[in-house]
Amino acid sequence: MLKMTIQSNEIELRPASIDEIISLREEVIIRGTNRDSPYFDGDRDETTRHFGAFIGTKPIGCLSFMRKEWEGTPAWQLRGMATAPDYRGSGVGKILLQLAEEAVMEESGIRLLWCNARAAAAGFYEKQGWKIVSDEFLIPGVGPHYKMLKDLRSMFFD
């Protein structure tokens, strides 16, 4: 758990349950798409890890990491990352992502992370050390995306 203050609000960043973050995922990621549900396959798997940034009990940032291979190699897939509009650009998303990356890598020893990032968010992920590894592709009803990868395996073997 980590605490920070933004806009005079104390924000708690920590592991969370899907039920604590689903309202933010619905509001920021799902609304306006052709998806019927804010839940993703794997949300309730015992290996899935959810994280949130909260003001009291209100989520203002969220993300999930799911154990999903990358090209046959054990990896974590980042899904459902969202920041409430009033807190975009505040640093809360960056810090939440760092906290979550460290937590899942420490827990599992798996240092390979990947995601399907919305094209509009790719620059954010690149600033956090992620790399675009595909051409742009379209998820119907959602929009353009890139496959992105963060491979930290070599950092631990130099």
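Any idea what the relative contact order of the stretch 56-149 is, in percent, if you count C-alpha pairs under 8 Å spaced at least 6 apart? So the answer I get is 23 percent. In terms of its C-alpha gyration tensor, the chain comes out rounded, because the ratio a/c of the largest to the smallest axis stays below 1.5. For the stretch 1-128, the carbon plus sulfur part of the accessible surface works out to 44%, probe radius 1.4 Å.
Ligands, DNA and RNA are left out, and with a 1.4 angstrom probe the accessible area of the chain is 54 Å² per residue. Each residue of the stretch 75-87 is assigned a 3J(HN,Hα), and the resulting list reads 7, 10, 9, 7, 9, x, 7, 8, 10, 4, x, 5, 10 Hz, derived from the Karplus form 6.51 cos²θ - 1.76 cosθ + 1.60 (θ = phi - 60°), x at Gly and Pro.
Can you pick out the pairs among 94/127; 127/150; 68/127 whose Cα atoms lie more than 19 Å from each other?
Values: 94/127 9 Å; 127/150 11 Å; 68/127 23 Å.
Violating the 19 Å limit, Cα to Cα: 68/127.
Taking the chain as a Gaussian network of alpha-carbon nodes connected by springs under 10 Å, the highest mean-square fluctuation of the residues 96, 113, 138 belongs to 138. For the stretch 75-157, the list of GluC sites (Glu not before Pro) that fall in a loop by DSSP and count at most 13 other C-beta atoms within 10 angstrom reads 136.
Stretched out straight at 0.36 nm per residue, the stretch from residue 23 to residue 71 would grow longer than its current Cα-Cα span by 14.1 nm. Close amide-amide hydrogen proximity is noted between residue 60 and 53, 54, 55, each under 5 Å apart and 5 or more residues distant or on a separate chain (H modeled in the peptide plane; Pro and chain starts excluded). For residue 68, the residues 5 or more places off, or on other chains, whose built amide H falls under 5 Å of its own are 75, 76, 77.
Averaging Cα coordinates gives a centre for the stretch 47-65 and one for the stretch 105-158; these two points are 19 Å apart.
Just need the relative contact order of the stretch 1-109 here, percent rounded to a whole number, with Cα pairs under 8 Å and 6+ apart.
Values: 171 pairs, mean separation 26.6, N = 109.
The value is 24 percent.
The shape of the stretch 71-158 comes out oblate: with a ≥ b ≥ c from the C-alpha gyration tensor, a/c is at least 1.5 while a/b does not beat b/c.
The values are calculated or read from the model by the stated rules, or taken from the named source; none is laboratory data. Keep in mind that what you see is a predicted model, and the values were worked out from it rather than measured. Don't worry about glycine lacking a Cβ; one is built from the backbone with ideal geometry, like all the others, and counts go over all protein chains shown. What goes into the accessible areas is simple: the full protein's heavy atoms, side chains included, and nothing from ligands, DNA or RNA. Shrake-Rupley method; radii C 1.70, N 1.55, O 1.52, S 1.80 Å.
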